[in-house]
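Participant: My structure is below; once you've seen it, I'll send some questions.
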Amino acid sequence: MKKICILGSTGSIGTQSLAVMRENKNDFEVCGLAAGHNIQLLEEQILEFNPRYVYIKSKEDAKSLSAKYDKQNVYFGENGIEELLDNCQCDTVINALVGIKGLVPTLKAIENGMDIALANKETLVVGGSLVMDKARKKGVKIYPVDSEHSAIFQSLQGNDRKSVKKVILTASGGPFRDFTIEQLKRVTAKDALNHPNWIMGKKITVDSATLMNKGLEVIEAKWLFDLNDDQIEVVVHPQSILHSAVEYEDGAIIGQMGKPDMKLPIAYALTYPKRKKLKNTQMSRLWEIGSMTFESVDMSRFPCVRLAFEAMKKGGSFPVVLNSANEVLVDEFLKGTISFLDISKYVEKALYTHDYKEELSLNEILELDEKTRQRVYEYVGV
């Protein structure tokens, strides 16, 4: 039985991960759960899965949980997740945290020899070199949970990595795929949160609307699969059936198709190389799906993809600034402070006005993240 710890258990990936475990109770033991503020849902999860180790952000909520559940060790605060990981004897950590706050827990889990099922793409965007180097030294496996990277991972099985020509990341195009620039000027947060194919958290849903999510996935793919900058391509595929593909030197393209359901990549990350039967994940007959279409990305309407490619190629501090600026701007867009197009505008400004540094330590990454956030808040007048 594999012991699992979930960071971000009350979020979209966290709840779907628990759904996978619920369907395969004899294969998994939930030994740790970490949540932010949703104490009600966390309590429901504690009652169902009985984890020994629990984290919640606030001290008050932690006191409340400790008073109710005497069999659980409850952690809280800035270093609470790392304390949980130091005590939780798990095999695999599902990192489903949102944003750069997933970086330090990933490094802590690797340090403790725990395999990672990675849904927190920002970990590799800002700290790819640090994370992958540490994982190699510790002999830790990092399994992708993002559907696109899971598709690439599956498409690489049984093939010589040296024969890979490029990987092809597919994007749905989001809810504004056919919008003009004039229409994009008027979209609201409510519009952006209405994704045509996937049910996700707010931040990643807005990132999917700007296509920044695909840009972050480009950088993530570089580190996960040890790719050169020119080996990654993005294509718009509105139906979200082909989740991504690998093109080989002989011209063959091998991809993974399936229903747009995150339980599939979650389960594969947890059970690799085996596959488990899951409820409601079977795709219709191919002729019932109909046609699949593919389009190029319009970088003029969705410049976040271009900015991500530029940040990847420049490397060093650029991906950190890209991510930090975007996190702030998505939050401000959701609050109604800025417009949809302001996101890419201010990300670009932050990128090309910062003091570039080629190599960064963990502390330097965290310091640059904080500095970038302050600069971007000044841009938007907050």
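The values are calculated or read from the model by the stated rules, or taken from the named source; none is laboratory data. These figures come from a predicted structure and were not determined experimentally. Please note: Cβ atoms are built from the backbone with ideal geometry, for glycine as well, and neighbour counts cover all protein chains shown.
Participant: State whether the residues of the stretch 156-179 include one that is closer than 30 Å to LEU33 by Cα and among the acidic types (Asp, Glu).
Facilitator: Checking the stretch 156-179: not a single residue is closer than 30 Å to LEU33 by Cα and among the acidic types (Asp, Glu).
Participant: Within the stretch 198-223, work out how many residues are crowded, with 16+ Cβ neighbours inside 10 Å and not in a helix (DSSP H, G or I).
Facilitator: Total satisfying the criteria: 4.
Participant: Then there is this: Could you say whether any residue in the stretch 118-140 is closer than 21 Å to SER17 by Cβ, surrounded by fewer than 22 Cβ atoms within 10 Å (Cβ to Cβ) and at pLDDT 95 or above?
Facilitator: Yes, because at least one residue in the stretch 118-140 is closer than 21 Å to SER17 by Cβ, surrounded by fewer than 22 Cβ atoms within 10 Å (Cβ to Cβ) and at pLDDT 95 or above.
Participant: Under 8 Å between Cβ atoms, at least 6 apart or on separate chains: pull out the pairs that start in the stretch 126-147 with a residue that is free of Cβ contacts under 8 Å to residues at least 40 places away in the same chain and end on any residue that is charged (D, E, K, R).
Facilitator: Taking only residues 6 or more apart or on different chains, the pairs are LYS134/GLU111; ALA135/LYS141; LYS138/GLU111; VAL140/ASP115; VAL140/LYS134; LYS141/ASP115.
Participant: Sticking with this one: Return the pairs, sorted by first residue and then second, in which the second residue is acidic (Asp, Glu) and modelled with pLDDT of 95 or more, the first residue lies in the stretch 153-167 and is assigned by TED's automatic domain parsing to the domain that holds GLU233, the beta carbons are less than 7 Å apart, and the residues are 6+ apart or on different chains.
Facilitator: Partner pairs satisfying both residue conditions: SER163/GLU249; LYS165/GLU247; LYS165/GLU249; LYS166/GLU233; LYS166/GLU247.
Participant: If you scan the stretch 96-125, which residues turn out to be among the basic types (Lys, Arg) and over 16 Å from SER150 (Cα atoms)?
Facilitator: LYS101, LYS108, listed by residue number.
Participant: For the stretch 311-320, which residues satisfy the criterion of being within 11 Å of LEU368 (Cα to Cα) and either acidic (Asp, Glu) or not in a helix (DSSP H, G or I) (or both)?
Facilitator: SER317
Participant: Further, regarding this structure: Quick one: in the stretch 43-60, of everything that is within 21 Å of the chain's Cα centre (by Cα) and crowded, with 23+ Cβ neighbours inside 10 Å, which residue is farthest from CYS90 (Cα to Cα)?
Facilitator: ILE56
Participant: Then there's this: Which ones in the stretch 299-354 are among the β-branched types (Val, Ile, Thr) and under 22 Å from the mean Cα position of the chain (by Cα)?
Facilitator: VAL305, VAL320, VAL321, VAL328, VAL330, ILE343, VAL347 - these are the residues of the stretch 299-354 that are among the β-branched types (Val, Ile, Thr) and under 22 Å from the mean Cα position of the chain (by Cα).
Participant: Next question, about the same structure. Restricting the first residue to the stretch 64-80 and requiring it to be farther than 16 Å from PRO51 by Cβ and touching a residue at least 60 places away in the same chain (Cβ under 8 Å), which pairs with a second residue that is of a type in the set (Lys, Arg) and surrounded by 12 or more Cβ atoms within 10 Å (Cβ to Cβ) meet a Cβ separation below 9 Å and a spacing of at least six or different chains?
Facilitator: none
Participant: At least 2 residues that are farther than 22 Å from ASP229 by Cα in each: list the helices (runs of 4 or more DSSP H) lying fully within the stretch 114-192 that qualify.
Facilitator: Details: elements: 122-138, 147-156, 181-184, 189-192.
Per the criteria, 122-138, 181-184, 189-192.
Participant: Does any residue of the stretch 175-182 turn out to be farther than 24 Å from GLU332 by Cβ and assigned by TED's automatic domain parsing to the domain that holds ILE253?
Facilitator: Yes, because at least one residue in the stretch 175-182 is farther than 24 Å from GLU332 by Cβ and assigned by TED's automatic domain parsing to the domain that holds ILE253.
Participant: Still on this structure, I have one more. Somewhere in the stretch 224-245, is a residue closer than 19 Å to LEU322 by Cα and assigned to a helix (DSSP H, G or I)?
Facilitator: So far as the stretch 224-245 goes, yes, one or more of its residues are closer than 19 Å to LEU322 by Cα and assigned to a helix (DSSP H, G or I).
Participant: Tally time: how many residues in the stretch 292-304 are surrounded by fewer than 22 Cβ atoms within 10 Å (Cβ to Cβ) and either free of Cβ contacts under 8 Å to residues at least 40 places away in the same chain or within 25 Å of SER129 (Cβ to Cβ) (or both)?
Facilitator: 2
Participant: For residues in the stretch 321-344 being of a type in the set (Gly, Ala, Ser) and in a helix (DSSP H, G or I), which is nearest to LEU366 (Cα to Cα)?
Facilitator: Step by step, filter the stretch 321-344, then rank; the result is SER324.
Participant: Tell me yes or no: at least one residue of the stretch 216-235 is without any contact (Cβ under 8 Å) to a residue 24 or more places away in the chain and in contact with a Leu (Cβ under 6 Å, 6 or more places away or on another chain).
Facilitator: Scanning the stretch 216-235 turns up no residue that is without any contact (Cβ under 8 Å) to a residue 24 or more places away in the chain and in contact with a Leu (Cβ under 6 Å, 6 or more places away or on another chain).
Participant: For residues that are touching a residue at least 60 places away in the same chain (Cβ under 8 Å), out of contact with any Asp or Glu (no Cβ under 7 Å at 6 or more places or on another chain) and crowded, with 24+ Cβ neighbours inside 10 Å, scanning just the stretch 306-325, find the one that is nearest to SER208 (Cα to Cα).
Facilitator: The extreme case among them is ALA308.
Participant: Turning to a different aspect of this structure: Please report, ordered by residue number, the helices (runs of 4 or more DSSP H) entirely within the stretch 1-109 with at least 3 residues that are under 24 Å from LYS141 (Cα atoms).
Facilitator: Numbers: elements: 12-23, 39-49, 59-68, 80-87.
Those helices (runs of 4 or more DSSP H) span 12-23, 80-87.
Participant: Another one. Against the definition (in contact with an Asp or Glu (Cβ under 7 Å, 6 or more places away or on another chain) and either part of a loop (DSSP other than H, G, I, E, B) or of a type in the set (Phe, Trp, Tyr) (or both)), how does LYS259 come out, yes or no? Please lay out each step first, then the result.
Facilitator: Working: in contact with an Asp or Glu (Cβ under 7 Å, 6 or more places away or on another chain): no; either part of a loop (DSSP other than H, G, I, E, B) or of a type in the set (Phe, Trp, Tyr) (or both): yes.
In short, no.
Participant: Let me ask something else about it. If you check ILE13 against the conditions, is it within 22 Å of MET132 (Cα to Cα) and crowded, with 22+ Cβ neighbours inside 10 Å?
Facilitator: Numbers: within 22 Å of MET132 (Cα to Cα): no; crowded, with 22+ Cβ neighbours inside 10 Å: yes.
Answer is no for this residue.
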